[in-house]
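Trainee: This is the structure I have questions about; it appears just below.
Where a number appears in this text, it was derived from the coordinates with a stated rule and is not lab data. It should be emphasised that the depicted structure is a prediction, and the values quoted were computed from it without experimental measurement. Please note: Cβ atoms are built from the backbone with ideal geometry, for glycine as well, and neighbour counts cover all protein chains shown.
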Amino acid sequence: MEMKLSRGPWMRRQLATLSSPLQTVYSSSASSLSPIPPISHPLKSSTNPPSLTHSSSYGLGEENSCIPVIGSKVLLKGMRYHELEKWVQSHGFRPAQALMLWKRLYGNNIWAHDIEELQGLNKDLKRMLGEHAEFNVLQLKDMLTASDGTKKILFTMEDGLTIETVVIPGPRGRTTVCVSSQVGCAMNCQFCYTGRMGLKRNLTAAEIVEQAVLARRLLSHEVGTITNVVFMGMGEPLHNIENVIKAADIMVDEQGLQFSPRKVTISTSGLVPQIKRLLKESNCALAVSLNATTDEVRNWVMPINRKYNLGLLLGTLREELQFKRNYKVLFEYVMLAGVNDSIEDAKRLIDLVQGIPCKINLISFNPHSGSKFKSTSEEKMIEFRNILAASGCVVFMRFSKGDDQMAACGQLGNPGEVQAPLLKVPLKFRAALEASSV
Ligand code: SF4
């Protein structure tokens, strides 16, 4: 059910402030499937890593012109298996040798970091790799452990920027790695710490894949097998869709990291054209951050809604999911006290998701400096959950993990001194934000 957009005074002010960064972020056609053009954002320098290029050399041909090269070397973790195989063959080696290399990079608990760890591989192949291939794109900078066992890993990249990856031990041996897809984020969701950074740049597929590989390499002995991946770290994954789809393909390869596509979840704030593309090109799970039941509230807390409103977003999902068998989208709903957690919100949410195969995750808000939002109390979350469940919705509640080390949802990154601007709080919600925590 599409909610009517109120264009009261506060709404006009918000639209005026949007002249700016977000308006220039997206392609002019909402239905276009082409990649989003480079973002004009006051806090970003470039969306691409500085020294990364793409090459069609190495005998890869035009169809492989997206093989990433750093300096004169190919990034091994930036290639899907068929690309690696062709590249290895172009240097005079057999496909079986490419498969052995692939398995040492990703399988059999080796997660090879350099040529010294390629036991059993032909000497000439190792020499060639030493000359032409780069194994690693991330350097471990720090690792923090929260009181609940959640780990936050900080990695430095070639250009000196830092990203964060979180490993979350779960019940019944289900351990999840939460990977970043960008440095910072352009979406400016008002409740999110990462959003304060603005967008610095996109991560390459290699930088995304290596987060999962290093999480396993560094922590499997301590937390057990990492079984799940969520693209819910720093960044809007679908704003970097090319590299995210590629990284997810590499992660689910059956000869490599072997994550089940159903256990790799790609999250979005609601980029409609990119959602359509993802649903066509990937079998991985999709999570959509909803976080409001009216356009009025969502335009404020998630400014992307001004480009792709609730009616368009949910209508697209309703339509596209008809063609996916046994597939449910996960709606994430961060509960903000006095903003989106009323009984009316619960009832509207039931109407909004009608006809969409889905599960709903109610998430407690993780407070952080610079945000005036308050967490909804546990009792109120349970009441909200019960209303949804009574109507037949599949609904879960997720409480904060890792928040004492700023490793929780929406707490990643380091905005620094120059921050993306917070939007003006609509008059009717000021009291809720100024009230003391419930
Ligand atoms: S919630 Fe996600 S999409 Fe929104 S600003 Fe934060 S990182 Fe970006």
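Trainee: Would you mind putting 357-363, 177-183 in packing order, based on average other-beta-carbon counts within 10 Å, highest first?
Mentor: Put in order of decreasing packing, that is 177-183, 357-363.
Trainee: Sorting 298, 127 on the 10 Å Cβ count, fewest up front, what's the list?
Mentor: Ascending number of Cβ neighbours within 10 Å: 127, 298.
Trainee: For the ranges 245-252, 117-124, 143-150, what's the packing order if you count other beta-carbon atoms within 10 Å of each residue, average per peptide, and put the highest first?
Mentor: Ranking, from highest mean packing down: 245-252, 143-150, 117-124.
Trainee: Moving on. Rounded to whole Å and sorted largest first, list the principal axis extents of the Cα atoms in the range 256-396.
Mentor: That gives 41, 33, 32 Å along the principal axes, largest extent first.
Trainee: So, one more: Looking only at the range 317-397, where both bridge partners belong to it, what percent of the DSSP beta bridges are antiparallel (to the nearest 5)?
Mentor: Antiparallel: roughly 10 percent of the beta bridges in the range 317-397.
Trainee: When a footprinting reagent is the concern and you count Cβ atoms within 10 Å, what order do 156, 204, 162, 175 take, fewest first?
Mentor: 156, 162, 175, 204
Trainee: Can you list the lysines whose alpha carbon sits under 30 Å from that of residue 141, skipping same-chain ones fewer than 8 residues off?
Mentor: 44, 73, 77, 103, 126, 151, 152, 200, 246, 263, 401
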